[in-house]
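Inspection log for the structure reproduced underneath, given as structure tokens.
Here, each number is a calculation from the coordinates, and none is a lab measurement. Fair warning: this is a prediction, and the values are worked out from it, not measured in the lab. Heads up, the Cβs are rebuilt from the backbone with ideal geometry, glycines too, and the neighbour counts pull from every protein chain shown.
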Amino acid sequence: MAKMQDKVMIRLRDVDKCYGTNKVVKSLNLDIREGEFLTLLGPSGCGKTTTLRMIAGFEEVTEGQIFLEGENVEDKKPNQRDVNTVFQNYALFPHMNVEDNIAFGLVEKKVKKPEIKRRVGEMLKMVQLEGMEKRLPAQMSGGQKQRVAIARALINRPKVLLLDEPLGALDLKLRKQMQFELKHLQKKLGITFIYVTHDQEEALTMSDRIAVMNQGILEQIGAPEEIYNRPATKFVADFIGETNIFEAYVEEVMDGRIGISLEAGTAAVKAAGFHKEEMVYICVRPENLKISAEPVIDFNIRGKVKEHVFIGSVNKTIVELVNGQELKITTQPDVELLSMGSEVNLFWNEGKGILLHTKEEQIYNLIENTVKIEGGGDD
Amino acid sequence: MKLKRKLKEYKPISVLYPCLVYLFLYVPILVVIVFSFNTSRMNIVFEGFTVEWYFKMFENRQLMDAFRNTLLVAFFSTVISVIMGTLCAVGLYKLESKIKNIISSSLYIPIVIPEIVFGIALLVFFSSVHLPTSMLTLIISHITFSLPFVVITVRSRIAGFDPSILEAARDLGAGEFRTFMRVTLPMIMPGVISGGMLALTLSLDDVVISFFMAGTESTTLPLKILGMVRKGVSPDVNALSTLMILGTIAIMLFSQMIQGKIEKSREAHSGVE
Amino acid sequence: MIKKLGKKLPTIVMIGPTFFWLILFVLIPLCYVIGISFLTKNAYGGVDGILSLQSYKDLFQSEYLKIFTGSLWLSLQTTILCLIIGYPFAYLIAKAPANRKKYMVLMIMLPFWINSIIRIYGWNTLLRTEGVINHLLIALGIISKPLEMLYTDGAVLLGMVYDLLPFTILPLYTSIEKIDTSLLEAARDLGATKRSTFMKIILPLTMPGIFAGSIQTFIPSLGLFYISEMMGGGKTMYIGNLIKNQFLSARNWPLGAALSIILIIITLILMKLYTRVGSLEDMA
């Protein structure tokens, strides 16, 4: 939850973006705090890059406002905004060497030559490219180009750095290394980073907060642990990490506990805010799903062990339920595996099952909440 | 707010300027066409609409001869350069030797050197072998400057070929010739047609080389007009020119259409993949 | 051995005709021109087999030098005018919406393929002393006496620009279109104004296109003798007319050949420069 003393760096208010009749961002509300590493995460076409480009000023908002430090930036061109972008394909000027590329922004600001030289030196040191001043972009590796792009943006001392899938073109190993370096850099500089990616693992490792987007809608915003452990929607649960999702029906509402029935049996979850006879989803992460040969209290889900897959650090077991649904279960290598084809009972720690409203229920709740908020906004 | 945004996007100069350039390019062409329908003999004022020049032009023997020559040269040079060029392009595709590079680079010579030099070189050559300028020399010269364009166009079509298709044809029992007729040729046909269109327009468009190659009996329509301009031109020339303009435009549009079809079929293919 | 030949025979049949055609009608004639430029002319308008550098020496006569400088100046003016008119135009096409772009390019190509004598004849009709423009201007009362427009140096320049403009625009368009828009966004993002984005990014990156367009305008402009005849009335002599006359009327073949060699050398130098610019671009 947002702390009151945190200063809001960028505020998006009811931002819409349309291309013709195609609405790619739908009434987006987002507060980005000073000094935080915020990731916009979502599948391709979810509107995350468009959002970033609206903040940078490359795209105009169709409706709504964007505030940078409380100031509406609608009429400000990209070159008048205190934000800089690291582009997906680096967008280094091919005819300029490393030094000229990095110095570009300062030259435009008519900063004095010795000052430029000093600051370019600083930047090169920071991104560990000393001695490469005279190289052309074409003579550099992907990782090096990436560093130049970052240095070129940061030398202008922007209040916010926007990064559009900056590591997408790098190979896995280099990407891991750059993730670490970027995070480190951000901590050191204390600048707000807004990072766009479709790689959920990248988002989880680097971010202070993640904003998950889907089809132009902000699905959930929160710290990585929150997003992973308490997904707010089915989409988030499905998109972040692996998960088993069941359609279910609220059978019984007890104090802090809810009894549900699935197609393949019955189960119980710790949850509140649901009402009897509601259609729900229940999500359980593979590492939280457990199997036992013996019956378990409060749970009655039966299946058959179909397959064991060894995937390095853990074992993965596939269990087929009576209705044909397949579940993924991960166990530590030291846990003994049940033999293939054996009948098993499935269960989970009641706190680890995540209960979600279905879309219809969500809309219903949303309307209810909006009424509440607007009613409460007067004081 | 929305209106302001719309106004920002609308820049009159980005519409006005291209229109002016197009006007500059098309006005002389339109003038030629408009005066072909003029009742007055003089190309000064439009006095009234008539199509009589489109009939009168048939009576002008010299003009008709020149027009016929233009068409004959265009036809023969296109056919011959397409046959030779296509064979060459297919042959080059299979060839793996130094000759390939030699031919590929010598193909660019006629494209690069100034036309006037090319024209006089052929003139000097023909006169040294005692071949007087005639329809024959005209056709030879047009083949020579069309040939490289045909080879290049067809080659670019073959470049995307999967060599195993030809191997498959051979494997299924087709000989070299049958493979060419049944597999290679149908596949490169769009390239052959656009190469042919190019050769045809190049031939109709040429002035400089034809100028040196045409004999008194084998002048082409453009050269005839060049000779007439200073003495004064009658509107039947406009009528014939209009036909040539429309013909060229038709050829261009046709080859654009084929180009469009090729792209579409390529997209369809990549869609399957 | 025979078997090997049999295997190669189809390829020989395919490539052979073009190969020999190019040797016979391109390489040999060009060698003839080179050879003749080192021979001497005889009194009957033919060539004597006496080796000499006379024709190259003749090139330095002041009347020829004047024609050279005049031609180069005209070609330079043509090229620069084409660039000035063509660059903004190419830029606007490159930035036009994709569906409109196709037609805009096609509309540039169309006149380019129509025989240029017919098009120049159109100008001739417009510009003549008793032509369309003069008639219109008098009828509108703007002028009382017809203007001398045709058969002037200005008319020649107009004809040249008109004929060669598409040659300039197409390479410019290709190079402008190739620029990655994210580069322009990056420049704006780093604080560059529109003007400095153009000067520092667009212009340097389209340099190869500017160069290609210039060459494709400059080289043919040297040989377009018929434009100076149709638009200039042959009043001013240019290198193209000079070469043409050496072969058709003056019958000084060695001199004409030497002039052609000069043209080829100019072409080769420009091509060399161009490939250098091109390779610079590839590196980037």
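Which value in nm describes the separation of the simple spin-label points at C:Ser196 and B:Val45, placed 7 Å from the Cα toward the beta carbon?
The answer from the label model is 6.0 nm.
Determine which lysines satisfy two conditions relative to B:Lys98: a Cα distance under 26 Å, and not lying fewer than 8 residues away in the same chain.
Partners within reach: C:Lys3, C:Lys4, C:Lys7, C:Lys8, C:Lys272.
Might you report the magnitude of the Cβ-based charge dipole of segment A:158-229 about its Cα centre, with Lys and Arg at +1 and Asp and Glu at -1, to the nearest 20 debye?
That gives a dipole near 380 debye.
Principal axis extents for segment B:1-148, Cα atoms only, whole Å, descending order, please.
For segment B:1-148, the Cα spread along each principal axis is 66, 58, 26 Å.
For chain C, list the DSSP H helices whose alpha carbon atoms reach 20 Å or more along the long axis and whose average Kyte-Doolittle value is 0.5 or above?
C:2-22, C:62-95, C:153-178, C:207-221, C:253-283
Leaving out same-chain residues fewer than 8 places away, which lysines sit with a Cα under 23 Å from that of A:Lys316?
Counting by Cα, and skipping residues close in sequence, A:Lys316 has these lysines nearby: A:Lys234, A:Lys290, A:Lys304, A:Lys306, A:Lys328, A:Lys352.
Any idea what angle helix A:172-189 forms with the longest principal axis of chain A, computed on alpha-carbon atoms, 0 to 90 degrees, nearest 10?
Once rounded, one gets 70 degrees.
Sorting C:Trp113, C:Trp253 on the 10 Å Cβ count, fewest up front, what's the list?
C:Trp113, C:Trp253
Using the number of other C-beta atoms within 10 angstrom as an exposure proxy, rank B:Trp53, C:Trp123 with the fewest first.
Placing the least packed residue first, the sequence is B:Trp53, C:Trp123.
Please compare each pair in A:Lys23/A:Lys77; C:Lys178/C:Lys200; A:Lys48/A:Lys117 to a cut-off of 26 Å on the Cα-Cα distance and tell me which ones are over it.
Checking Cα-Cα distances, A:Lys48/A:Lys117 exceed 26 Å.
Identify which of B:Asp236, B:Asp171, B:Asp65 has the largest mean-square fluctuation in a Gaussian network model of chain B, with springs joining Cα atoms closer than 10 Å.
Ranking B:Asp236, B:Asp171, B:Asp65 by mean-square fluctuation puts B:Asp171 first.
Mind checking the mean number of beta-carbon atoms from other chains within 10 Å of the Cβ atoms in B:119-132?
Taking the mean over all residues of the peptide, I get 6.
Once the convex hull of the alpha carbons of segment A:8-234 is built, what does its volume come to per residue, in cubic angstrom?
Per residue, the Cα convex hull of segment A:8-234 comes to 126 Å³.
Using only the Cα atoms of chain B, what are the Rg and Dmax in Å?
23.7, 79
Would you mind listing how long segment A:242-367 runs along its three principal axes, going by Cα atoms, in whole Å with the largest first?
That works out to 47, 27, 25 Å along the principal axes.
R0 = 60 Å: FRET efficiency of B:Thr216 with A:Lys176, Cβ-based, nearest 0.05?
0.15
Would you tally the net charge around A:Ala103, using a Cβ to Cβ cut-off of less than 13 Å, leaving A:Ala103 out, and scoring K and R as +1, D and E as -1?
In short, +4.
Would you tell me the mean number of C-beta atoms belonging to other protein chains that fall within 10 Å of each C-beta in C:86-93, as a whole number?
3
Helix A:359-376 versus the longest principal axis of chain A: what is the Cα-based angle in degrees, 0 to 90, to the nearest 10?
Taking the Cα atoms of chain A, the angle to A:359-376 is about 60 degrees.
Mind listing the Cα extents of segment C:26-126 along all three principal axes, in Å, largest one first?
Extents along the principal axes: 63, 31, 30 Å.
Rounded to the nearest 10 degrees, what's the angle between the helix A:142-154 long axis and the longest principal axis of chain A, both from Cα atoms, 0 to 90?
Tilt of helix A:142-154: around 70 degrees.
Local charge sum around A:Lys304 (other residues, Cβ-Cβ under 14 Å, Lys/Arg +1, Asp/Glu -1)?
Net of charged neighbours comes to -2.
Using just the C-alpha positions of segment A:291-338 as equal point scatterers, what log10 of I(q)/I(0) does the Debye formula give at each q in 0.26 1/Å?
Ignoring solvent entirely, the Cα scatterers give -1.03.
Per q in 0.15, 0.32 1/Å, what log10 I(q)/I(0) does a Debye calculation on the alpha-carbon atoms of segment A:235-283 return?
-0.39, -1.18
Would you list the membrane-span-like helices of chain B, meaning whole DSSP H runs whose alpha-carbon atoms span at least 27 Å along their axis and whose mean Kyte-Doolittle value is at least 0.5?
Taking the DSSP H segments of chain B (at least 27 Å long, mean hydropathy at least 0.5), we get B:13-35, B:61-94, B:135-158, B:185-205.
Could you calculate the FRET efficiency of A:Thr205 with B:Tyr17 from 1/(1 + (r/R0)^6), where r is the beta carbon distance between them and R0 is 35 Å, rounded to 0.05?
After rounding to 0.05, the efficiency reads 0.10.
Please pull out the direction-averaged projected area of chain C, using the convex hull of its alpha-carbon atoms, in nm² to one decimal place.
So the Cα hull casts an average projection of 24.7 nm².
Where the centroid of each part is defined by its Cα atoms, how far is segment B:66-108 from segment C:127-149 in Å?
Between the Cα centre of segment B:66-108 and that of segment C:127-149, the gap is 49 Å.
Please give, to one decimal in nm, the separation of the simple spin-label points placed at A:Asp31 and A:Asp298, each 7 Å out from Cα toward the Cβ.
The modelled label-to-label distance comes out at 3.6 nm.
Only helical DSSP H runs with n ≥ 4 go in: add -39500 (n - 2.57) per run for chain B, normalise by residue count and round the 222 nm mean residue ellipticity to 500 deg cm²/dmol.
-24500 deg cm²/dmol
Taking the Cβ of each residue in A:His308, B:His130 as the centre, tally the other Cβ atoms inside 10 Å and list the residues starting with the fewest.
Listing A:His308, B:His130 from fewest to most nearby Cβ atoms yields B:His130, A:His308.
Suppose we keep just the alpha-carbon trace of the protein assembly as shown; what are its Rg and Dmax in angstrom?
When restricted to the Cα atoms of the protein assembly as shown, Rg and Dmax are 37.4, 122 Å.
Which value in Å is the Kirkwood Rh of segment B:69-114 over different Cα pairs?
With all distinct Cα pairs of segment B:69-114 included, I get 12.2 Å.
Based only on Cα atoms, what Rg/Rh ratio does chain A have, Rh being taken as Kirkwood's radius?
So for chain A, dividing Rg by the Kirkwood Rh gives 1.05.
If I histogram all Cα-Cα distances within segment A:1-109 using bins 10 Å wide from 0, what percent of pairs lands in each bin?
Final binned percentages: 12, 39, 33, 15, 1.
Calculate, for B:Leu246 and C:Leu203, the FRET efficiency according to 1/(1 + (r/R0)^6) with r their C-beta to C-beta distance and R0 30 Å; round to the nearest 0.05.
My answer for the efficiency is 0.15.
Which distance in nm do the two modelled labels at B:Asp65 and C:Tyr274 give, with both placed 7 Å along the Cα-to-Cβ direction?
Here the answer is 3.9 nm between the modelled labels.
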